[in-house]
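Read the structure below first, then the notes.
Throughout, read-outs are computed from the coordinates displayed, never taken from laboratory work. Since we're looking at a predicted model, the values are computed, not measured. When we count neighbours, we look across all protein chains shown, and the Cβ atoms used for this are built from the backbone with ideal geometry, even at glycine.
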Amino acid sequence: MNVRIISTQPFLDQKPGTSGLRKKVAVFRQPHYLENFVQSIFDSIAAPQGATLALGGDGRYYNRTAIQIILKMAAANGFGRVLVGKGGILSTPAASCVIRKYQTFGGIILSASHNPGGPDGDFGIKFNSGNGGPATETVTEAIFARSKAIGEYRILDAPDVALDEIGETMLGAMRVQVIDAVSDYAGLMESLFDFAAIRNLLAGGFQMKFDAMHAVTGPYAQEIFTNRLGAPAGSVANAVPLEDFGGGHPDPNLTYAHDLVEALYGADAPDFGAASDGDGDRNMILGRRFFVTPSDSLAVIAANATLVPGYRKGVAGIARSMPTSAAADRVAQALNIPCFETPTGWKFFGNLMDAGKVTLCGEESFGTGSDHVREKDGLWAVLFWLNILAARKQSVESIVREHWAKYGRNVYSRHDYEGLPTEAAQGVIQHLKGCFTDLAGVRLGQYTVKFCDDFSYTDPVDGSVSKGQGIRIIFTDGSRIVFRLSGTGTEGATLRVYLEAYEADTSRHHLDAQVALADLIRIALQVSELELRAGRDKPTVIT
Ligand code: VG1
Ligand code: CO
């Protein structure tokens, strides 16, 4: 079999965002587009001859085509072995698990996460390093730099590899091993959680509903909840992964997981509901007629960690992304452990976990995880909650209310303004930056501005600095408004407005977040001049 060396021209838009390169499928289908980016990865990571790579994606449209191209390119670039998920599918946390378990050099994950799929939808690709985590900014910047200078790529002239049965095939001198990642992943979960206690809970009439949203977690959820934990049939909904996610938007939040929300808020609601996203790294947790914010979920998980076998020894530290509420900080303080505030995106947690500084990490965007892998992990979070519920024998709502009574409530919400003209969105950010000095010390409604800045992070492990990570307006009582532009979208710009107010008074804990935050919401609109600059006074999505 021949290695072909194809000459190519650089594309200038291959800059990875918050989580890899995400573009419309039509963009990826342009001749050489995917190949250029894959070769840029290979040229930047300096894998030794014969190295092993993990490979898989969330199963969305174009996954199969892309997997075949990447396999042939890996063979032509000197890899010795590639571990591929059956059918070319791996959830993002399972990919991280595979990289770590088989100690591969790294992995390529094909996913646009919660973005819609299908021929008119989105596609994405990212590289994860040997620790199982998303490549650091230093690596993604090197890949981007290479993509702007690339002149050729290497690909093996060979027929497609069969990927639907477990087994091995040779592709030139490279071995392609199709693996059963579901069982690797389920085994890891079984090593962390008290499956016997959860099995008892589910056998005792406790009802759960997990919505896989026709995305990648279906087979993992069936194996874990149905086969290993004995959940009754019907506990896992939409379990068959589809290339277009059934036309849905596989984002587990109150807006897009509406069927699940309706079930949990309806008559005869189950005790517990959960959902995961396109690539299986996000989670939403619901109790009967009760929504747990992701920020609160991280805090509750941290406060209850020692109830779970894998975390019985305690938590070394917690990390949360900057826009995530400070609920976890209060738990860290009570436990006398460090709490780190990082920029948005899981790639910033890897160094902290590798150095043993943190055990648990979380983001307000429905992402929670621990050092068992180096990605956020949707099913892990669901199992963590089930384990806590089995140990405490209380409802989700009463666990969260008790938590608030003890630590106070960090009332929280995120308002997304999607599909804004890019210039208008950047104009809002520029305008806010220009207001920093004028705003300091100013009283707005019941709040007084303590300071404003553009968040910058210095990694405590490698000293790298990441600037421009979000505009913060911090008030004297700890309440905050944060503005940042999304780095995962593929159309126009999305402005995210994060709102947080601390409430110690238990008698106000029952308030709906939008009511409790009304003042801050008004201030955010006023200060940002959003209506004037972008023609919007209402968000597209509220989480
Ligand atoms: C969003 C979230 C961020 C998350 C990222 C990837 O990024 O806000 O917290 O890490 O998605 O998650 P952005 O730049 O659009 O705000 V996933 O599940 O899309 O890989
Ligand atoms: Co995701």
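Table for the structure above
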| quantity | calculated |
| --- | --- |
| Over the range 184-407: Rg over Rh, Cα atoms, Kirkwood Rh | 0.94 |
| At 1.306 mPa s and 10 °C, Stokes diffusion of the range 389-543 via Kirkwood alpha-carbon radius, µm² per second | 93 µm²/s |
| Listed pairs Lys126/Lys467; Lys23/Lys126; Lys126/Lys148; Lys72/Lys376 exceeding 19 Å between Cα atoms | Lys126/Lys467; Lys72/Lys376 |
| Cα gyration tensor shape of the range 456-543, rounded if a/c is under 1.5, else prolate or oblate by comparing a/b with b/c | oblate |
| Estimated vicinal HN-Hα couplings, Hz - the range 206-217 in sequence order (Karplus 6.51, -1.76, 1.60; Gly, Pro = x) | 5, 10, 10, 9, 10, 9, 7, 6, 6, 10, 5, 6 |
| Dipole magnitude (debye, nearest 20) for the range 2-179, charges at Cβ of Lys, Arg, Asp, Glu | 140 debye |
| Ordering of 369-376, 487-494 by burial proxy (mean other Cβ atoms within 10 Å per residue, highest first) | 369-376, 487-494 |
| Signed unit charges on C-beta, dipole axis of the range 471-543, positive-most listed residue Thr506, Thr476, Thr540 | Thr540 |
| Peptides ranked, highest mean first, by Cβ atoms within 10 Å: ranges 158-170, 518-530 | 518-530, 158-170 |
| Prolate/oblate/rounded label for the range 2-179 (Cα gyration tensor, a/c 1.5) | rounded |
| Among Ala94, Tyr61, Gly167 the positive-end extreme of the charge dipole of the range 2-179 (Cβ point charges) | Ala94 |
| Span from the the range 171-212 Cα centroid across to the the range 48-76 one, whole angstrom | 24 Å |
| Cα gyration tensor, the chain - rounded (a/c under 1.5), prolate or oblate | oblate |
| Value of [θ]222 nm, deg cm²/dmol, for the chain, DSSP H segments ≥ 4, -39500 (n - 2.57) each, nearest 500 | -9500 deg cm²/dmol |
| Total formal charge among the other residues, if their Cβ is under 11 angstrom from that of Ile166, Lys/Arg +1 and Asp/Glu -1 | -3 |
| Neighbourhood charge, 15 Å Cβ-Cβ cut-off, centred on Pro93 and excluding it, Lys, Arg +1 and Asp, Glu -1 | -4 |
